[in-house]
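Values in this text are rule-based calculations from the coordinates and carry no lab data. All values derive from a computational prediction rather than experimental measurement. Heads up, the Cβs are rebuilt from the backbone with ideal geometry, glycines too, and the neighbour counts pull from every protein chain shown.
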Amino acid sequence: MSVHTTLIVEWRGPLTLEEIESNPEWSNGLYMATGRLKYERSASIQYCGITEGSFFSRLRYHHKVDQIFREQRFWLGSVKYPSEVSRHYLELVESMIIYFWKPALNERKKLSSPKSITLINRWFKKDNTPRYRQHTLCKDIEDVISWDGNLWRLGNLQVYDEIV
């Protein structure tokens, strides 16, 4: 039996490339590029990737991101659990997102199912305040996605300041 891994990722966005450039300290994590490709009518998640360096350095001349012509925005994700972030964990999350949502510009990792993993997504605005409602661009991404090797389990979490 394989080991089941649980990861928590905090996503911030949507951000422009200019906003990412003005924060060179943002690094080591996941990114989702959203927007519209030629002839598309609505924006959607187009690409998911990882970087161990600066987000801006990775995205500035990205070979796939350049294909997003309109409404180009980015979501930056950092792994919060486990606390020791390694490329291995970044790749686990990337594999799950690509396999499950199949972003248009990702070519690899769409065909083979990910390893056994539970991913908890937490969503934040640009200023790091929590999102109480899902942003329209990420409305199809569940807050909790779990794959045990046989079955998917999905769900969204309610966000509260405090329980009354």
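The table for this structure:
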read-out	value
Neighbourhood net charge (12 Å Cβ-Cβ; Lys/Arg +1, Asp/Glu -1) for Phe55	-1
GNM flexibility winner over the chain from Leu111, Leu30, Leu59 (Cα, springs under 10 Å)	Leu111
Helix-only [θ]222 nm of the chain, DSSP H runs n ≥ 4, -39500 (n - 2.57) each, per residue, nearest 500	-4500 deg cm²/dmol
Cα-projected label distance for His4 with Lys102, points at 7 Å along beta-carbon direction, nm	2.6 nm
D (Stokes-Einstein, µm²/s), Kirkwood Cα radius, the chain, 1.306 mPa s at 10 °C	97 µm²/s
Projected label distance in nm at Glu25 and Leu154, using a 7 Å step from Cα toward the beta-carbon	3.7 nm
DSSP-defined antiparallel bridges as percent of all bridges, segment 1-132, nearest 5	70 percent
Percent breakdown of C-alpha pair distances by 5 Å bin, ordered from the shortest bin, for segment 12-62	5, 19, 31, 24, 13, 7, 2, 0
